[in-house]
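Since every read-out is calculated from the coordinates, none of them should be taken as a lab result. Remember, predicted model here, so these are calculated numbers, not experimental data. Heads up, the Cβs are rebuilt from the backbone with ideal geometry, glycines too, and the neighbour counts pull from every protein chain shown.
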Amino acid sequence: MRTRVHAVIAVKRLGLAKSRLGDTLAPAVRRQLVLAMLADTGAAAGAASAVVSITVVSPDRRVRDAVTEWGWWALAEPPNRAAPGVGGLNAALQFAASRTRRRHGPGAILAVQADLPALRPAELTAFLAAAPGGRRSFVADQHGVGTTALLQPDPTGSLDPRFGPRSADRHRAAGAAEPSGEWPGLRHDVDTAADLAVSHRLGTGPTTAGLLREIVDMGWQGPKFPTGSALWGCPGSAP
Ligand SMILES: Nc1nc2c(ncn2[C@@H]2O[C@H](COP(=O)(O)OP(=O)(O)OP(=O)(O)O)[C@@H](O)[C@H]2O)c(=O)[nH]1
Ligand SMILES: C=C(OP(=O)(O)O)C(=O)O
């Protein structure tokens, strides 16, 4: 597919984000990590040649302030009482897609997860090139279970995101294509400490790398996890 693509990214409240890292990272570090991964993911997505805009939707003002500083468009998420949890993510992405088109006009929409710190622009470019023109396409995560990116190439078509548990199956069942490609950075989202170690090995973008360096300086031993560091909520909980 060769066209201009608008990327949309959703981030929940920093205090709630990446709860599966809660046993490993102190809350302040976890919040920093969420922002660092967002910075690297968005920068890599924006550096892909087809991507012409980045919009981040979040109920958290700190996320929106950071995004504005980085030069992307920050959208406040409307309260979504009808569909909390995962429904909240899909509703947030639909909202961002519709506002993006209202702002920029009709165009292809790419929903990208916010936690792909090892994403390379070339991977996204390869995915976009491999995606067929007439239907939605998605990228399954490293486990083949979740979804890291969903593309609606039709400039006026609904994104119809189905993120959440077993979302790869759900996108497949909804008729989305699954172009093949290795794309390790595009497939490796970070949910757990083990995922973080994998992304670290793949090579993260500069903001996540800088934060990980700081954490190492404070006691993290490379991709292994430290014991006894004040930064880690649960000493010895190595992946
Ligand atoms: N704006 C918005 N983003 C959401 C919402 N729910 C999830 N997200 C984001 O969607 C992305 C994918 O979610 P997950 O990979 O499960 O990340 P997470 O929810 O931070 O991680 P856990 O707390 O460990 O489940 C993350 O960037 C979340 O911040 C929501 O209701 N609104
Ligand atoms: C919401 C999803 O992400 P995760 O599996 O990272 O929670 C998903 O894969 O649809």
Inset, instruction - Apply the Karplus parameterisation 6.51 cos²θ - 1.76 cosθ + 1.60, with θ equal to phi minus 60°, to every residue of segment 17-32 and state each ³J(HN,Hα) to the nearest whole Hz, in sequence, with x for glycine and proline. - result: 6, 6, 5, 6, 9, x, 7, 10, 10, 4, x, 5, 5, 4, 4, 4
Inset, instruction - Within segment 34-50, find all residues whose amide N lies under 20 Å from a label point positioned 7 Å from the Cα of residue 214 along Cα-to-beta-carbon. - result: 34-44
Legend entry - ³J(HN,Hα) computed for each position of segment 105-116 - Karplus, 6.51 cos²θ - 1.76 cosθ + 1.60, integer Hz, glycine/proline x: x, x, x, 5, 10, 10, 8, 10, 5, 8, 10, 10
Legend entry - Under 5 Å, built H, 5+ apart or other chain: amide partners of residue 164: 147
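Looking at the chain, what % of its DSSP beta bridges pair antiparallel, to the nearest 5?
Values: 9 of 24 bridges.
That works out to approximately 40 percent antiparallel.
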Legend entry - Computed magnitude of the charge dipole of segment 49-184 (debye, nearest 20; Cβ of K, R +1, Cβ of D, E -1): 460 debye
Legend entry - For residue 142, distant residues with modelled amide H under 5 Å away: 189
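Report the gain in length on full extension from residue 23 to residue 68: 0.36 nm times residue separation, minus Cα-Cα distance, nm rounded to one decimal. Intermediate values should be presented prior to the final figure.
Values: separation 45, 0.36 × 45 = 16.20 nm, distance 3.06 nm.
Separation in residues times 0.36 nm, less the Cα-Cα distance, equals 13.1 nm.
Rounded to a whole number of µm²/s, how large is the Stokes-Einstein D of segment 95-151 at 25 °C and 0.890 mPa s, given Rh as the Kirkwood radius over C-alpha pairs? Spell out each step's value before the answer.
Values: Rh = 12.6 Å.
Diffusion coefficient, whole number: 195 µm²/s.
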Legend entry - Angle between the chain longest axis and helix 193-202 axis [Cα atoms, degrees, rounded to 10]: 70 degrees
Legend entry - Karplus-derived HN-Hα couplings along segment 66-75 (A = 6.51, B = -1.76, C = 1.60, θ = phi - 60°), whole Hz, x at Gly and Pro: 4, 4, 5, 4, 7, x, 9, 8, 9, 10
Inset, instruction - Could you state the angle between the C-alpha long axis of helix 121-130 and the longest principal axis of the C-alpha atoms of the chain, as a value from 0 to 90 degrees rounded to the nearest 10? - result: 30 degrees
Inset, instruction - Would you mind checking which residues have amide H under 5 Å from residue 109's amide H? H placed 1.01 Å from N; only 5 or more apart, or other chain. - result: 6, 152
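What is the magnitude of the charge dipole of segment 143-185 about its Cα centre, with +1 placed on the Cβ of each Lys and Arg, -1 on the Cβ of each Asp and Glu, and no other charges, expressed in debye to the nearest 20?
Details: 4 positive and 5 negative charges, 37 e Å.
Here the size comes out at about 180 debye.
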Inset, instruction - Work out the length of the dipole vector of the chain about its Cα centre, built from +1 on the beta-carbon of each Lys and Arg and -1 on the beta-carbon of each Asp and Glu, and round it to the nearest 20 debye. - result: 620 debye
Legend entry - Fluctuation leader among 215, 109, 54 - the chain, Gaussian network, Cα springs under 10 angstrom: 215
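Starting from 0.36 nm per residue, how many nanometres of slack lie between residue 13 and residue 160 once their C-alpha separation is accounted for?
Values: separation 147, 0.36 × 147 = 52.92 nm, distance 2.26 nm.
Extending this stretch completely gives an extra 50.7 nm.
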Inset, instruction - Positive end of the charge dipole of segment 107-203 (Lys, Arg +1 and Asp, Glu -1 on Cβ, about the Cα centre): tell me which of 190, 200, 138 has its Cα farthest that way. - result: 138
Inset, instruction - Could you work out the equivalent-ellipsoid semi-axes for segment 86-223, taking the square root of 5 times each eigenvalue of the Cα gyration tensor, largest first, in whole Å? - result: 29, 16, 14
Legend entry - Cβ-based charge dipole, the chain, positive-most Cα from 10, 119, 147: 10
Inset, instruction - Report, largest value first, the span of the C-alpha coordinates of the chain along each principal axis, in whole Å. - result: 53, 37, 31
